[in-house]
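S.K.: Just dropping this structure here.
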Amino acid sequence: MKWVLVTICIAALAALLGQRLLKLSEIALANREVPVKRLPNCHLLKNIEYGAEDLTILRDGLAIISTGLKYPGMPSFSDDPGKIYTLDLLDPRLIPVELTIKGDLDRDSFNPHGISVYIDETDKTIHLFVVNHPQHYTSQVEIFLFVEEDNTIVHLKTIKHDLLHSVNDIVAVGVESFYATNDHSYPSEVLHMLAVFLGLPWADVVYYSPGGVKAVGDGFLSANGINMSPDKRYLYVSAILDHEIAVFEIKKNKDLVHVKSVAVGSLCDNIEVDHVTGDIWLGCHPNGVKVAACDPEDPPGSEVIRIRDIHYEKPAVTQVYADDGSVLLGSSVAAPYEGKLLIGTVYHKALVCDLK
């Protein structure tokens with residue numbers, strides 16, 4: 001009888017293991033291939049060689065780009081510190097310009113990830129928020145003053161907190177206030193992978209202000225990109241492993257109330273929002289296994305998805321761009337401006353194309 005019970009337990013465990021491995025393959029979209037769908041007049045940007053993981057575009061057409069991310073589990077092709085660039089999308093030369101970093105910041109360990117901009121309406125100063133991983137598994141948020149005429153960012157403050165343990169992306173809502181996503185359930189990579197393996201949705205969204213810090217949204221296997229609607233009433237979060245964009249209403253006390261989730265069918269990374277139309281633009285990974293492996297014989301592709309009318313009953317989800325890795329590896333962000341589309345990647349190059 002004892003051996004019968006042992007056999008049953010082993011069989012049950014094997015069945016569970018097989019089921020979870022199958023589920024992980026589905027989560028990673030391990031078998032997905034996307035047909036190529038190109039845009040006209042595309043060219044790779046100069047100076048961007050080791051990723052443009054996140055970017056945002058100011059209303060005057062100046063893009064700010066974070067580069068050189070070194071992220072656990074992802075390839076990295078340079079040991080140099082990360083950098084911040086600008087790109088004037090109204091300048092036909094389209095040449096990225098590296099920003100000089102001033103102030104009290106360890107530049108040698110600078111490892112920028114998600115970024116966001118807050119413009120103080122009282123004096124029009126531009127505050128740049130940057131997620132930084134100086135020791136790979138550590139997370140902190142750097143706040144800079146952007147001095148455009150000098151091509152300089154001046155470091156103002158570093159923010160650390162136990163709730164900000166594995167920050168991926170950030171959206172600024174004040175000069176020292178923001179929402180941030182944790183893409184891990186735990187700071188430990190092992191515990192996080194165990195949570196994902198078991199299907200435990202314990203990653204979250206955190207609100208930070210000088211007056212307090214709190215978790216305001218949960219239920220994610222991994223919370224990735226984050227951004228806000230133009231009217232500042234709603235927050236959008238990429239539930240990357242669920243292949244969805246979650247929509248939250250922002251309450252007066254800064255808590256979040258889940259409104260809906262929109263299926264996108266891809267592993268969508270960062271979120272950009274069109275200032276004028278409110279359309280959502282997503283840089284996505286068609287196949288998670290490929291983007292992690294980065295096999296030159298079977299390279300990871302890129303995909304850009306657009307969501308129109310996300311607050312309607314039936315939002316329009318369309319694929320705008322897709323590549324098989326022959327041009328662009330591992331797209332992580334995309335943003336439009338005046339008929340152009342700027343696409344960044346985790347560890348490769350950046351691409352600009354015409355939308356029309």
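The values are calculated or read from the model by the stated rules, or taken from the named source; none is laboratory data. On a predicted model such as this, the values are computed, not experimentally measured, just so you know. Neighbour counts run over all protein chains shown; Cβ positions are idealised from the backbone, glycine included. Accessible surface areas use protein heavy atoms only, side chains included; no ligands, DNA or RNA. Shrake-Rupley method; radii C 1.70, N 1.55, O 1.52, S 1.80 Å.
S.K.: So which residues in the range 196-213 are among the polar types (S, T, N, Q) and either assigned to a loop (DSSP other than H, G, I, E, B) or farther than 16 Å from Ile250 by Cα (or both)?
M.R.: Matches in the range 196-213: none.
S.K.: From the list Glu189, Glu149, Glu142, exactly one residue is under 30 Å from Thr100 (Cβ atoms) and at pLDDT below 95. Which is it?
M.R.: After ruling out the rest, the residue left standing is Glu149.
S.K.: Can you find a residue that is at pLDDT 95 or above, closer than 24 Å to Arg59 by Cα and assigned to a strand (DSSP E or B) anywhere in the range 285-301?
M.R.: no
S.K.: Is there any pair with a first residue in the range 232-252 that is without any contact (Cβ under 8 Å) to a residue 12 or more places away in the chain and over 30 Å from Ala292 (Cβ atoms) and a second that is open to solvent by 10 Å² or more (accessible area, probe 1.4 Å) and outside any helix (DSSP H, G or I) whose Cβ atoms are under 7 Å apart and which are 6 or more apart or on different chains, and what are they?
M.R.: Close Cβ pairs satisfying both conditions: Lys251/Val257.
S.K.: Looking only at residues in the range 214-269 that are part of a strand (DSSP E or B) and among the charged types (D, E, K, R), which one is most open to solvent (accessible area, probe 1.4 Å)?
M.R.: Residue satisfying both the conditions and the ranking: Asp218.
S.K.: Something else: Could you please find all residues in the range 301-345 being open to solvent by 10 Å² or more (accessible area, probe 1.4 Å) and β-branched (Val, Ile, Thr)?
M.R.: Those that are open to solvent by 10 Å² or more (accessible area, probe 1.4 Å) and β-branched (Val, Ile, Thr): Val317, Thr318, Val320, Val327.
S.K.: So which strands (runs of 3 or more DSSP E) stay within the range 54-139 end to end and still have 3 or more residues that are within 14 Å of the chain's Cα centre (by Cα) and under 18 Å from Val333 (Cβ atoms)? Can you show your working first?
M.R.: Numbers: elements: 54-57, 62-67, 83-88, 100-102, 112-119, 126-132.
It comes to 54-57, 62-67, 112-119, 126-132.
S.K.: Out of all the residues in the range 318-356, which are within 19 Å of the chain's Cα centre (by Cα) and in a loop (DSSP other than H, G, I, E, B)?
M.R.: Once the filter is applied, which keeps residues that are within 19 Å of the chain's Cα centre (by Cα) and in a loop (DSSP other than H, G, I, E, B), the range 318-356 yields Leu328, Leu329, Gly330, Val346, Tyr347, His348, Lys349, Ala350.
S.K.: I've got another one for you. Quick one: in the range 139-189, which of the residues that are of a type in the set (D, E, K, R) and closer than 16 Å to Asp123 by Cβ is surrounded by the fewest Cβ atoms within 10 Å (Cβ to Cβ)?
M.R.: Glu149
S.K.: With the structure loaded, tell me whether Val291 is among the aliphatic types (A, V, I, L, M) and either open to solvent by less than 70 Å² (accessible area, probe 1.4 Å) or under 17 Å from the mean Cα position of the chain (by Cα) (or both) or whether it fails that test.
M.R.: Details: among the aliphatic types (A, V, I, L, M): yes; either open to solvent by less than 70 Å² (accessible area, probe 1.4 Å) or under 17 Å from the mean Cα position of the chain (by Cα) (or both): yes.
In short, yes.
S.K.: Oh, and also: Taking the conditions exactly as written (in a helix (DSSP H, G or I), open to solvent by 50 Å² or more (accessible area, probe 1.4 Å) and either more than 19 Å from His243 (Cβ to Cβ) or in contact (Cβ under 8 Å) with a residue 60 or more places away in the chain (or both)), does Lys46 satisfy them or not?
M.R.: In short, no.
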